[in-house]
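Taking it in order: structure first as structure tokens, then the write-up.
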């Protein structure tokens, strides 16, 4: 079944619902219309007594290249305005997934950048293709991340390297650093993710809900939820720098040109030779 042209929905196995970001021509850039459909579908699956596990994946060549900087649109839920409002909005989305009763799996292949990586890490489990490319290039030109998961999942040293370079890591490195659970050859990823979802679906859903909540409660006790919220203030501060304001001015006029200018000195992402 299909929710909309932006999001495809199917049930590839008993008790498993799969949500597919369906903007392959835009590398599944996360417009707010797509995000709205996605979160509505997540909540519908969470309320469906026949569903026990949810999978999120991307159509086409990648999981998601990040937020749609050219055509973002109205946000799908209200977040109070003011400095840092967008970062707070993103972190609220992360917690909306955390607080669902059903386990959510991210199936990541190809590019998984910026907002795409924030969506993936908000999920309870992350399985990646070995050749996936995961990174947060906006640190080169705009600000720190909206949702600064890096230190919590990767540790200080790896997080610092990510923040100071904006470089991408592949799927195997993502597993080694703690971003993802496991990496598989790209042509085996879908089969392996579905097999894992079917195993999870064998657990009683009430118990699985408590098991999921147990892990998040431990992270809450260590301060992760408060830390992510605090990070939104640094993201807002980053956007006040002269370099960020100049770059955003260029981006409003020419998104592709601004991205080209950002990555050309590093010879990666869209400028990789």
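The values are calculated or read from the model by the stated rules, or taken from the named source; none is laboratory data. Just so you know, these numbers come straight off a predicted model, no measurement behind them. Here the Cβ positions follow ideal geometry from the backbone for every residue, glycine too, while neighbour counts run over all protein chains shown.
Against the definition (in contact with a strand residue (DSSP E or B) (Cβ under 9 Å, 6 or more places away or on another chain), on the phi > 0 side of the Ramachandran plot and touching a residue at least 12 places away in the same chain (Cβ under 8 Å)), how does residue 66 come out, yes or no? Walk me through it before giving the result.
Working: in contact with a strand residue (DSSP E or B) (Cβ under 9 Å, 6 or more places away or on another chain): yes; on the phi > 0 side of the Ramachandran plot: yes; touching a residue at least 12 places away in the same chain (Cβ under 8 Å): yes.
Answer is yes for this residue.
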In segment 231-247, what count of residues is obtained for those that are within 22 Å of the chain's Cα centre (by Cα) and over 27 Å from residue 152 (Cα atoms)? 0
So which residues in segment 171-180 are surrounded by fewer than 18 Cβ atoms within 10 Å (Cβ to Cβ) and either under 23 Å from residue 98 (Cβ atoms) or touching a strand residue (DSSP E or B) at 6+ places or on another chain (Cβ under 6 Å) (or both)? 172, 178
Filtering segment 1-37 down to residues that are closer than 18 Å to residue 102 by Cα and in contact (Cβ under 8 Å) with a residue 60 or more places away in the chain, which residue is surrounded by the most Cβ atoms within 10 Å (Cβ to Cβ)? 16
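If I filter segment 73-85 for residues that are farther than 23 Å from residue 180 by Cβ, part of a helix (DSSP H, G or I) and out of contact with any helix residue (DSSP H, G or I) (no Cβ under 7 Å at 6 or more places or on another chain), do I get at least one hit? Show your work before the answer.
Step one: of segment 73-85, the residues farther than 23 Å from residue 180 by Cβ are 73-85.
Going one step further and asking which of them are part of a helix (DSSP H, G or I), we end up with 85.
Next, from what is left, pick out any that are out of contact with any helix residue (DSSP H, G or I) (no Cβ under 7 Å at 6 or more places or on another chain): 85.
Looking through segment 73-85, at least one residue is farther than 23 Å from residue 180 by Cβ, part of a helix (DSSP H, G or I) and out of contact with any helix residue (DSSP H, G or I) (no Cβ under 7 Å at 6 or more places or on another chain).
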Taking residue 113 as meeting all but one of (1) closer than 15 Å to residue 231 by Cα; (2) under 14 Å from the mean Cα position of the chain (by Cα), write down the number of the exception. (1)
Restricting attention to segment 242-258, which residues are under 21 Å from residue 163 (Cα atoms) and free of Cβ contacts under 8 Å to residues at least 60 places away in the same chain? 242, 245, 246
Leading residue by the ranking (surrounded by the fewest Cβ atoms within 10 Å (Cβ to Cβ)) among those in segment 144-170 that are at negative phi and part of a loop (DSSP other than H, G, I, E, B): 167
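Could you go through segment 43-56 and let me know if any residue there is part of a helix (DSSP H, G or I), out of contact with any helix residue (DSSP H, G or I) (no Cβ under 6 Å at 6 or more places or on another chain) and crowded, with 22+ Cβ neighbours inside 10 Å.
Just the residues of segment 43-56 that are part of a helix (DSSP H, G or I), to begin with: 43-47.
Now drop any that are not out of contact with any helix residue (DSSP H, G or I) (no Cβ under 6 Å at 6 or more places or on another chain), which leaves 43-47.
Still in the running and crowded, with 22+ Cβ neighbours inside 10 Å: 45.
Checking segment 43-56: at least one residue is part of a helix (DSSP H, G or I), out of contact with any helix residue (DSSP H, G or I) (no Cβ under 6 Å at 6 or more places or on another chain) and crowded, with 22+ Cβ neighbours inside 10 Å.
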Hey, could you check segment 171-180 for residues that are farther than 14 Å from residue 145 by Cβ and part of a loop (DSSP other than H, G, I, E, B) and say which is nearest to the chain's Cα centre (by Cα)? 180
Being in contact with a strand residue (DSSP E or B) (Cβ under 9 Å, 6 or more places away or on another chain) and touching a residue at least 40 places away in the same chain (Cβ under 8 Å) is true for just one of 115, 73, 93. Which residue is that? 115
Given the residues 106, 132, 120, 183, which is the only one that is within 30 Å of residue 207 (Cα to Cα), modelled with pLDDT of 95 or more, surrounded by 18 or more Cβ atoms within 10 Å (Cβ to Cβ) and more than 11 Å from the chain's Cα centre (by Cα)? 183
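Got a number for residues in segment 2-37 being part of a helix (DSSP H, G or I) and either within 17 Å of residue 195 (Cα to Cα) or in contact with a helix residue (DSSP H, G or I) (Cβ under 8 Å, 6 or more places away or on another chain) (or both)? Lay out the reasoning, then the answer.
Here is the first cut: in segment 2-37, the residues part of a helix (DSSP H, G or I) are 24-26, 32-37.
Pick out the ones that are also either within 17 Å of residue 195 (Cα to Cα) or in contact with a helix residue (DSSP H, G or I) (Cβ under 8 Å, 6 or more places away or on another chain) (or both) and you get 35.
Total meeting the criteria: 1.
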Tally time: how many residues in segment 93-119 are within 30 Å of residue 253 (Cβ to Cβ) and outside any loop (DSSP other than H, G, I, E, B)? 9
